[in-house]
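This report refers to the structure that appears directly beneath it.
The values are calculated or read from the model by the stated rules, or taken from the named source; none is laboratory data. It should be emphasised that the depicted structure is a prediction, and the values quoted were computed from it without experimental measurement. For neighbour counting, all protein chains shown are included, and Cβ atoms are generated from backbone atoms with ideal geometry for every residue, glycine included.
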Amino acid sequence: MDAYELLVQYQIKPSVQRLAVMKFLIKNRNYPTAEDIYTALFPQIPTLSKTTVYNTLKLFVDHGAVRMITIDERSTRFDLSTHQCGYFLCKQCGAIFDFQNEAASQDLAFLVGKGHQIAETHYYYKGLCEKCAQA
Ligand SMILES: [Zn+2]
């Protein structure tokens, strides 16, 4: 997946900062926080500020390119929105897993078919991951 093409596809004007944030999200599919992104990119782009990272992520979310994951109340995380999926949070170790969500795609198709305009979808499951459940 190409960061430049993805930005253009979602009608976001590519800038050095936006490209860097998008590249990071493409490469790091572990649901980073804004803080994670800032910490990783700052050494390469010393002019980058935390505010810029937050504003860039907000812009991506507003354009539908990126999904804001609020499953963990301690930290907001971000993921590409190129696939329809649900998230599962382990309440003990904080690990997040995603999974294909076929039912969600059908629900969406049904609602959109009725003429509704869906701006956000959230499919969250919480519990204990395999490792924590066995401990
Ligand atoms: Zn766990």
#### Entry: Matching residues in segment 11-32 - criterion: being surrounded by fewer than 17 Cβ atoms within 10 Å (Cβ to Cβ) and either aromatic (Phe, Trp, Tyr) or in contact with a strand residue (DSSP E or B) (Cβ under 9 Å, 6 or more places away or on another chain) (or both)
Ile26, Arg29, Asn30
### Query
What is the number of the single condition among (1) more than 23 Å from Lys23 (Cβ to Cβ); (2) within 15 Å of the ligand (Cβ to nearest atom); (3) not assigned by TED's automatic domain parsing to the domain that holds Met22 that Glu102 does not meet?
(2)
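Taking Asn101, is it loosely packed, with under 13 Cβ neighbours inside 10 Å and modelled with pLDDT under 95?
no
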### Task
Could you figure out which of (1) in the same structural domain as Ile37 (by TED's automatic domain parsing); (2) under 23 Å from Leu59 (Cβ atoms) isn't true of Arg74?
(2)
### Query
What number of residues in segment 81-99 are away from the ligand (no atom under 16 Å from the Cβ) and touching a helix residue (DSSP H, G or I) at 6+ places or on another chain (Cβ under 6 Å)?
1
## Note on the structure
Sole miss for Ile45 among (1) under 15 Å from the mean Cα position of the chain (by Cα); (2) touching a residue at least 12 places away in the same chain (Cβ under 8 Å); (3) assigned by TED's automatic domain parsing to the domain that holds Tyr10 is condition (1)
### Message
Being among the β-branched types (Val, Ile, Thr) and loosely packed, with under 15 Cβ neighbours inside 10 Å: is that true of Thr70 here?
### Response
yes
### Query
Within the bounds of segment 36-51, is there any residue that is among the β-branched types (Val, Ile, Thr), surrounded by 13 or more Cβ atoms within 10 Å (Cβ to Cβ) and in contact with a strand residue (DSSP E or B) (Cβ under 6 Å, 6 or more places away or on another chain)?
no
### Summary
Of the listed residues (His122, His63), the one being within 21 Å of Gln11 (Cα to Cα), modelled with pLDDT under 95 and out of contact with any Cys (no Cβ under 7 Å at 6 or more places or on another chain) is His63
### Task
Being of a type in the set (Val, Ile, Thr) and either more than 22 Å from Phe60 (Cα to Cα) or surrounded by fewer than 11 Cβ atoms within 10 Å (Cβ to Cβ) (or both) is the filter here, so list the residues in segment 113-135 that pass it.
Ile118
### Message
Looking only at residues that are under 16 Å from the mean Cα position of the chain (by Cα) and among the charged types (D, E, K, R) in segment 93-126, which one is farthest from Thr33 (Cα to Cα)?
### Response
Glu120
### Query
Taking Lys114, is it more than 16 Å from the ligand (Cβ to nearest atom) and among the basic types (Lys, Arg)?
yes
